[in-house]
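Q: Sharing a structure, written as structure tokens. Questions coming.
The values are calculated or read from the model by the stated rules, or taken from the named source; none is laboratory data. In this text the structure is predicted, and so the values were computed from the model without any measurement. No Cβ is skipped: glycine too gets one built from the backbone with ideal geometry, and neighbour counts run over all protein chains shown.
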Amino acid sequence: MSSRENDTRRRAIIVGAGPAGLTAAWRLRKQKNIESSILESDGIVGGISRTVRIDGWSFDLGGHRFFSKSNLVNDIWDEMLNPERFLLRPRKSRIYYAGKYFDYPLKPLNALLNLGIIETIRCIGSYIWIKVRPPKKQSTFEDWVAARFGWRLYRIFFKTYTEKVWGISTRQLQSTWAAQRIKNLSLLEAIKDAFGFSKKGQVTTLITKFKYPEFGPGQLWETTAEKLREDGVKLYLEDGIQSVAKDGNKFHVTSSKGLQFSADCIFSSFPLASIPKLLNAPQAVQSAGERLKFRDFLIVAVPILMNEAVFDDNWIYVHDPKVKVGRIQNYGSWSPSMVKEGTTCLGLEYFVSKGDELWNSSDKDLISLANRELGVLGLKVFPLKNSGFVVRVEKAYPVYDEFYLQAVGIIKDWLKREHPNWYQIGRNGQHRYNNQDHSMLTAVYAVDNYLGVSKEDYWEVNLDDEYHEESKVTRNAPVFQR
């Protein structure tokens, strides 16, 4: 009998080395009777939380604040990266609309003052009208938001940006998206909070600072990957999952480079849409996977000379329909160590679909477009000559269209029934718009389910009714996050 046959250890395959996959490996690493291997099709760890480094500039793919309501996640971050390597950064983001900047999340007084007295009266009238005659159905993003803010505020602050992100009408986007990201907010409740009249002595407060790795989120995930290797976890880069066969309770995995693995369990952030075909599911389940759609995006990083005209926000949401850019990062505001002295780097985010005009544009044309749009927006910045970088990202955003909820349910139920030791985790793994801390929690709960130490439902993460960067505090009690 071979030593392999005498080996009683269990084996775990982790598909994807983003926040979810690396957290699953992190959670498993202390289990001496489990051997873990990670397959990652990209050449770098971190998924869309990675940090891109080119010619001395570093930039994120979307920006990632290290803040979580989960103490467990905060503790894991401090285990992964020495707490001294985190900076404490000011939190600031605003909306650019009609040449003015509005606080985000919206603050009633700031918003109404910027809109002016006439438009303010119209918005209040619109809100009163929607309360008298609310939409009969609130299954779409448009109706859900309008019912809580009125039609005028909806069109100003929600419609344009949302349609830029998803590339479809807000009538096609489901209210689930609004309920998840905007959470349990309404204009009336926001005004009551602003003036201190919220219920039960509770007030809403936004975090004003957050932790951030000195050299970007990629620093944390790269450090984590190195620690995992030191603990014996095998990490295969540029080698994704190609095929899977099952024999009893064992999974037999072939990688894209032809490596063979046998596993007792799989923790997968592989897109949920592709799982039915990968596992040769019945046609009805494969059809559900085909109904799940994604939105891609690209970022144009433009190094500029630092001057007083450069905004100090982490990012600006661009609601102006005159430009195609949806959001602009200022990486110097994330960390001074990510930019060169005397400069900063702006990241212009464009929400696209693979194969469309913007996606297929040359890098040179995209950099020229970014520079023109900075001018249209009135940002008097001075890009460095012959400098700019483009990164394209596929499957960045799971689309919440009218089909997705049913399709996710069909695949999830089939997996739980037929493959109980196959765990879908993370953003694309669950086809849910998770922040990185949510993705990490799905991994933690999934691993704990497998180990039998918890029955916490890893599919229920990110379904709470509070905005991610808000917390409820009792009036007259110490406010630790103000």
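Q: Starting from residues that are buried (at least 18 other Cβ atoms within 10 Å of the Cβ) and β-branched (Val, Ile, Thr), keep the ones in segment 206-249 and report whichever is farthest from Ala281 (Cα to Cα).
A: Top of the filtered list is Thr224.
Q: Yes or no: Gly378 small (Gly, Ala, Ser), surrounded by fewer than 18 Cβ atoms within 10 Å (Cβ to Cβ) and in contact (Cβ under 8 Å) with a residue 12 or more places away in the chain?
A: On the way: small (Gly, Ala, Ser): yes; surrounded by fewer than 18 Cβ atoms within 10 Å (Cβ to Cβ): yes; in contact (Cβ under 8 Å) with a residue 12 or more places away in the chain: yes.
Answer is yes for this residue.
Q: Of the residues that make up segment 116-124, is at least one farther than 30 Å from Glu456 by Cα, polar (S, T, N, Q) and surrounded by 17 or more Cβ atoms within 10 Å (Cβ to Cβ)?
A: No - not one qualifying residue is present in segment 116-124.
Q: Right, next: Going by the structure shown, is Ala20 touching a helix residue (DSSP H, G or I) at 6+ places or on another chain (Cβ under 7 Å) and farther than 23 Å from Asn462 by Cβ?
A: No.
Q: Another question, then. Taking Ser387, is it without any contact (Cβ under 8 Å) to a residue 24 or more places away in the chain and either closer than 19 Å to Val318 by Cβ or of a type in the set (Gly, Ala, Ser) (or both)?
A: No.
Q: Further, regarding this structure: When the residues of segment 129-145 are filtered to those that are touching a residue at least 12 places away in the same chain (Cβ under 8 Å) and either β-branched (Val, Ile, Thr) or on the phi > 0 side of the Ramachandran plot (or both), which remaining residue is surrounded by the most Cβ atoms within 10 Å (Cβ to Cβ)?
A: Val145
Residue-wise test of (1) outside any strand (DSSP E or B); (2) assigned by TED's automatic domain parsing to the domain that holds Ser243; (3) more than 17 Å from Phe215 (Cα to Cα).
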residue	(1), (2), (3)
Ala20	yes, yes, yes
Thr23	yes, yes, yes
Arg27	yes, yes, yes
Gln31	yes, yes, yes
Ser36	no, yes, yes
Leu39	no, yes, yes
Ser58	no, no, no
Lys69	yes, no, yes
Asp78	yes, no, no
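Q: If you don't mind, there's one more thing I want to ask. When the residues of segment 101-113 are filtered to those that are touching a residue at least 40 places away in the same chain (Cβ under 8 Å) and assigned to a helix (DSSP H, G or I), which remaining residue is surrounded by the most Cβ atoms within 10 Å (Cβ to Cβ)? Reasoning before the result, please.
A: Initial filter on segment 101-113 (touching a residue at least 40 places away in the same chain (Cβ under 8 Å)): 101-102, 104-109, 111.
Okay, now just the ones that are also assigned to a helix (DSSP H, G or I), so 108-109, 111.
Values: Pro108: 18, Leu109: 11, Ala111: 22.
Among those residues, the one meeting the criterion is Ala111.
Q: Only residues that are buried (at least 21 other Cβ atoms within 10 Å of the Cβ) and either more than 21 Å from Val352 (Cα to Cα) or more than 20 Å from the chain's Cα centre (by Cα) (or both): list them for segment 395-414, please.
A: Matches in segment 395-414: Ala407, Val408, Ile411.
Q: Identify, from the list Ile44, Ile76, Ile48, Ile54, the residue that is touching a Lys or Arg at 6+ places or on another chain (Cβ under 7 Å) and either among the hydrophobic types (A, V, I, L, M, F, W, C) or under 17 Å from Ala17 (Cβ atoms) (or both).
A: None of the other options fit; the residue is Ile44.
Q: Does Lys385 satisfy the condition of being loosely packed, with under 12 Cβ neighbours inside 10 Å and either closer than 27 Å to Lys100 by Cβ or in contact with a Phe, Trp or Tyr (Cβ under 6 Å, 6 or more places away or on another chain) (or both)?
A: no
Q: Tell me which residues, restricted to segment 80-100, are surrounded by fewer than 16 Cβ atoms within 10 Å (Cβ to Cβ) and in a strand (DSSP E or B).
A: Leu88, Pro90, Lys100
Q: Quick check: anything in segment 62-77 within 22 Å of the chain's Cα centre (by Cα), more than 20 Å from Ser268 (Cβ to Cβ), modelled with pLDDT under 95 and acidic (Asp, Glu)?
A: no
Q: Here is a follow-up. How about segment 209-321: which helices (runs of 4 or more DSSP H) wholly inside it have at least 2 residues that are touching a Leu at 6+ places or on another chain (Cβ under 9 Å) and not hydrophobic (A, V, I, L, M, F, W, C)? I'd like the intermediate steps shown before the answer.
A: On the way: elements: 217-230, 275-278, 283-291.
The qualifying helices (runs of 4 or more DSSP H) are 217-230.
Q: Taking segment 439-459 as the search range and keeping residues that are within 18 Å of Asp264 (Cα to Cα) and without any contact (Cβ under 8 Å) to a residue 60 or more places away in the chain, which one is surrounded by the most Cβ atoms within 10 Å (Cβ to Cβ)?
A: Only one residue tops the list, namely Tyr445.
Q: So for segment 13-26 (the condition being of a type in the set (Ser, Thr, Tyr) and more than 20 Å from the chain's Cα centre (by Cα)), does at least one residue qualify?
A: Residues of segment 13-26 of a type in the set (Ser, Thr, Tyr): 23.
Restricting the remaining residues to those that are more than 20 Å from the chain's Cα centre (by Cα) gives none.
Among the residues of segment 13-26, not one is of a type in the set (Ser, Thr, Tyr) and more than 20 Å from the chain's Cα centre (by Cα), which makes the answer no.
Q: In segment 439-463, which residue that is in a loop (DSSP other than H, G, I, E, B) and aliphatic (A, V, I, L, M) is farthest from Arg27 (Cα to Cα)?
A: Leu463
Q: Residues that are outside the structural domain of Gly342 (by TED's automatic domain parsing), touching a Phe, Trp or Tyr at 6+ places or on another chain (Cβ under 8 Å), loosely packed, with under 14 Cβ neighbours inside 10 Å and within 21 Å of Ile410 (Cα to Cα): does segment 250-268 have at least one?
A: Scanning segment 250-268 turns up no residue that is outside the structural domain of Gly342 (by TED's automatic domain parsing), touching a Phe, Trp or Tyr at 6+ places or on another chain (Cβ under 8 Å), loosely packed, with under 14 Cβ neighbours inside 10 Å and within 21 Å of Ile410 (Cα to Cα).
Q: Here's something else I'd like to know. Somewhere in segment 149-161, is a residue surrounded by fewer than 16 Cβ atoms within 10 Å (Cβ to Cβ), modelled with pLDDT of 85 or more and touching a helix residue (DSSP H, G or I) at 6+ places or on another chain (Cβ under 6 Å)?
A: Taking every residue of segment 149-161 in turn, none turns out to be surrounded by fewer than 16 Cβ atoms within 10 Å (Cβ to Cβ), modelled with pLDDT of 85 or more and touching a helix residue (DSSP H, G or I) at 6+ places or on another chain (Cβ under 6 Å).
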